[in-house]
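Remarks on the structure that follows.
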Amino acid sequence: MTSPGDSARISPTAHYTGYVWARHGLGAREFATRQGRLAWYGLRPLMAASRAFGGPTLEGLLLARHRVIDHLLTEAITSGRVGQVLELAAGMSPRGRSFVTRFGDRITYVEADLPGMAERKRRALARMGPSAGPHRVESVDVLAESGPLSLSAAAGRLDPERGLAVITEGLLSYLPPAGLTGLWERIAGLTGRFPHGLYLSDLHLGQENSGPLESATKKLLAAVVRGRLYFHHGRASDAEAALRAAGFATATLHRPVDFRGGIPGVGAPGADRVRIVEARTGEPRPCA
Ligand SMILES: C[S@@+](CC[C@H](N)C(=O)[O-])C[C@H]1O[C@@H](n2cnc3c(N)ncnc32)[C@H](O)[C@@H]1O
């Protein structure tokens, strides 16, 4: 059972993804760490073997998920619905910096992660110089139900008058079932207090991840994080129902390929192993 604080063992995976984003020009080199480069070279033989046999690659999956989330977030901001973003488990993702560079004062971007990773991110951002708009990194433990590291403490520092998007990327498969349900309930409750509430995430479905590479990658990642990995829902309809049960008014699980024509790489091998959650809350509810 994962308890608050215990999931710090997941943090090394953020170095791998941070290296992938930088390698593909999605973010600055400051987010690519030495650990990330070592992990990338470590996985390279497995990915090369899969590619050689026409199979999926982790990079195809990661780039598709990242770009689709970027796309949906861009739409929400340019439509005026969202004016602030809370990205949980942000790791070494370049999204906060990139969006603040693009949108300046039109958005407030809050990145959050466990204290050690949050501190590391603050240092990377400091090396890059001032951000072009409101942008900060906070310590949040997504499993904490109360206290200074909780989601509700972070929400209390947001502007209640502006639409809010909450993002989790690369996190959900590491959470045990009860942790995921509790997190979705807290996010739905929190986003429901803002004029517009949007939740974006990636999610892996059991029925789309049953091949040999998925099993090998799952085992490898489980060994790296010294814990289990979960595909919480078998089908998209199961996940959509779980999101509605958690308190979202609407929930859709997009396939990256649905965005072909608008986003590069969404048809790459591996991209069909991930879904993108877009869930919304209804009219704002009064604070409890
Ligand atoms: C695979 S990385 C993803 C990082 C980033 N979102 C990305 O896609 O590049 C997983 C992240 O989850 C963070 N994490 C793990 N457990 C957490 C928790 N209980 N609360 C907040 N963040 C957590 C880790 O520190 C790490 O940064």
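Brief remarks on what is shown
- From the list S150, S146, S131, S139, the one residue that fits, being in contact with a Pro (Cβ under 6 Å, 6 or more places away or on another chain), surrounded by fewer than 20 Cβ atoms within 10 Å (Cβ to Cβ) and of a type in the set (G, A, S), is S139.
- Restricting attention to region 254-284, the residues that are more than 18 Å from the chain's Cα centre (by Cα) and not in a loop (DSSP other than H, G, I, E, B) add up to 3.
- Of all residues in region 242-279, exactly one satisfies the criterion of being out of contact with any strand residue (DSSP E or B) (no Cβ under 8 Å at 6 or more places or on another chain) and among the aromatic types (F, W, Y), namely F259.
- Pairs meeting the criteria (first residue in region 257-276 and closer than 23 Å to D238 by Cβ and touching a residue at least 12 places away in the same chain (Cβ under 8 Å), second residue surrounded by 14 or more Cβ atoms within 10 Å (Cβ to Cβ) and of a type in the set (S, T, Y), beta carbons under 6 Å, at least 6 apart or on different chains) are G270/T57.
- Filtered by the rule that a residue be within 20 Å of the chain's Cα centre (by Cα) and not in a loop (DSSP other than H, G, I, E, B), region 36-65 gives G36, A39, W40, L58, E59, G60, L61, L62, L63, A64, R65.
- Among the residues examined, R81 does not qualify as without any contact (Cβ under 8 Å) to a residue 60 or more places away in the chain, surrounded by fewer than 20 Cβ atoms within 10 Å (Cβ to Cβ) and of a type in the set (K, R).
- Picking from residues in region 95-114 that are within 13 Å of the ligand (Cβ to nearest atom) and part of a helix (DSSP H, G or I), the one that is surrounded by the fewest Cβ atoms within 10 Å (Cβ to Cβ) is S98.
- Which listed residue is outside any helix (DSSP H, G or I), within 8 Å of the ligand (Cβ to nearest atom) and modelled with pLDDT under 95, from M92, M117: M92
- Qualifying residue in region 5-27 (condition: closer than 26 Å to G261 by Cβ, of a type in the set (D, E, K, R), within 11 Å of the ligand (Cβ to nearest atom) and at pLDDT 85 or above): no
- Near pairs, Cβ below 7 angstrom, 6+ apart or cross-chain, from region 137-151 (in contact (Cβ under 8 Å) with a residue 24 or more places away in the chain and assigned to a loop (DSSP other than H, G, I, E, B)) to any residue that is of a type in the set (S, T, Y) and within 8 Å of the ligand (Cβ to nearest atom): L143/T2; L143/S7
- Screening region 120-136 for residues that are among the basic types (K, R) and in a helix (DSSP H, G or I) and picking the one that is nearest to the chain's Cα centre (by Cα) gives K121.
- Residue check, G189 under 16 Å from the mean Cα position of the chain (by Cα) and in a helix (DSSP H, G or I): no
The values are calculated or read from the model by the stated rules, or taken from the named source; none is laboratory data. Please read all numbers here as calculations on a predicted model, not as lab measurements. Neighbour counts are summed over all protein chains in view; Cβ atoms, including those assigned to glycine, are modelled from backbone coordinates with ideal geometry.
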